[in-house]
1. Since I88 meets every condition but one in (1) surrounded by 16 or more Cβ atoms within 10 Å (Cβ to Cβ); (2) free of Cβ contacts under 8 Å to residues at least 60 places away in the same chain; (3) not in a strand (DSSP E or B), which condition does it not meet?
2. Tell me which residues, restricted to the stretch 299-335, are farther than 17 Å from K369 by Cβ and either among the polar types (S, T, N, Q) or not in a helix (DSSP H, G or I) (or both).
3. Any idea how many residues of the stretch 191-213 are farther than 29 Å from N239 by Cα and either in contact (Cβ under 8 Å) with a residue 24 or more places away in the chain or surrounded by 15 or more Cβ atoms within 10 Å (Cβ to Cβ) (or both)?
4. When you look at I120, is it buried (at least 19 other Cβ atoms within 10 Å of the Cβ), closer than 21 Å to R14 by Cβ and over 19 Å from the mean Cα position of the chain (by Cα), yes or no?
5. Being among the hydrophobic types (A, V, I, L, M, F, W, C) and in a loop (DSSP other than H, G, I, E, B) is the filter; apply it to the stretch 99-117 and report the residue that is farthest from the chain's Cα centre (by Cα).
6. Among the residues of the stretch 143-173, how many are surrounded by fewer than 16 Cβ atoms within 10 Å (Cβ to Cβ) and either among the small types (G, A, S) or at pLDDT 85 or above (or both)?
7. Show me the strands (runs of 3 or more DSSP E) found entirely inside the stretch 192-288 where at least 1 residues are under 15 Å from the mean Cα position of the chain (by Cα) and of a type in the set (A, V, I, L, M, F, W, C).
8. I need the full set of residues from the stretch 380-398 which are in a helix (DSSP H, G or I), among the acidic types (D, E) and more than 11 Å from I248 (Cα to Cα), in order please.
Amino acid sequence: MANAAQGLTGDTKRLLEIVKVMSKYKVMQGFDPDKLCEMLKELGPTFVKLGQLLSMHPEIIPMEYCRKLESLRTDASTLVTVQIREIISEEYGKPWNAVFERILPIPLGAASIAQVHEAILLDGTHVAVKIQRPDIYNKMERDVRLIKKALDIVKFKSINNVMNLCDCIDEMWLVAQDEMDFFREAENIRTIRRNNEGVQYVYCPKVYDELTTKNVLVMEYIGGFELNNTEEMLRQGYNVHEVCTKFINNYIKQFAEDRFFHADPHPGNIRVQDGRIVWLDLGMMGRLSEKDAELVTGCMRAIFSNDYLKFADNVLEICEHDPNMDKAAYYERMRAYLDKYRVISMAEMSSTVEIFADLYRIARDFEIKVPRSLTMFWRSLAIMEGTVSDLSPDTDLAAIIGKHLAAQSLVKGIAGSITKSISHRKLISGKPLSYTGHEQEPDEIIDETEDEEKPE
């Protein structure tokens, strides 16, 4: 038996490992959130990433699953110091301490693909270094292939008969490939910086191009505090409502004007520092064509004006669908849908999570395929809404969107006086955030570590 096991290929061994773990958790008997979360962690980084992606799909899987799987965003194992140094030395072709004075051992954050550390360059510059896990691309590529085989073996296709796991795996792999290319992320950062040059309350860390490789990304260090740290926000004298409003305004600018937006705007990726909202972790970005952006704003216009025919037509123009579908039944579903959500105030309507969940149910019933870019937008909007509602329940997301639409003259006859009094440029630019507190100096937040021997 031992000899037989030794004769197995690496792929076969890994496939057996996956099937064994899935059998251990009795997947054929179904999942509960805890069981799914524990199984994914045991299966490794590829599956942790899958769980992270699932947590971002409140529109198509139960919310209790999303909440549990969110823990996978911060529950990743960490690379030890010696591994970090080896990766950096290999990337640069010289000892790590020929580039860095110091790399702090405790990571600022660790995820399934990479982790981030504070560091000091030889010239004293305070930076953040993002290091990719060793051989993570090949490991994930293999696991993606093998998990599909394993799902076929155990005859398991969906969670709660809602989400096809193979489809989710395919999307996860596309997202992961983007996140594993640090050259792409560096370009994303530069793009966001360019797009927000005139926005005084928004910032994005600069990239040190000469120190960035496909597996190591060196950026300006950002202090401050996470967006959901209301205690620190109030201590420093920020107005929470102002912060949330400008956060929403900038997100809408990214989507409606730039057509290039942060696809994962959860609080861990947003910091507040020196009167500015700072966007971090730009590996997952959404892009819309000019036509799709126009159609989506057309959908919004139709929602605000309760024009179900226009809304239904725009959805069909954006999405793939069977031209022979039952149009009469489809239009009737859309009429009922808009009747349900025709109010403007978020205080009077259900969350966008529920709104998009209902829309996706219609899409599934009529076999309408929603493009990935739109899925990312609606998903990120739901994440943003959840963040804002926790921080400032009185901040009216729908009203802010309505002002933007009005200011762009996209909604006629709805906002009347708003159109006349508010300019789009004023909404998306504005002064820095007002606050009274002060940031610690970088030297104050660098812990002492052991002295390292410098290269001669």
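1. (2)
2. Within the stretch 299-335, S305, N306, D307 qualify.
3. Matching residues across the stretch 191-213 total 5.
4. No; evaluated as a whole, the condition is false for this residue.
5. V99
6. Total satisfying the criteria: 2.
7. 260-262, 270-273, 276-279, 285-287
8. Answer for the stretch 380-398, where residues must be in a helix (DSSP H, G or I), among the acidic types (D, E) and more than 11 Å from I248 (Cα to Cα): just D390.
The values are calculated or read from the model by the stated rules, or taken from the named source; none is laboratory data. Computed from a predicted structure; not experimentally measured. Backbone-built Cβ (ideal geometry, glycine too); neighbour counts: all protein chains shown.
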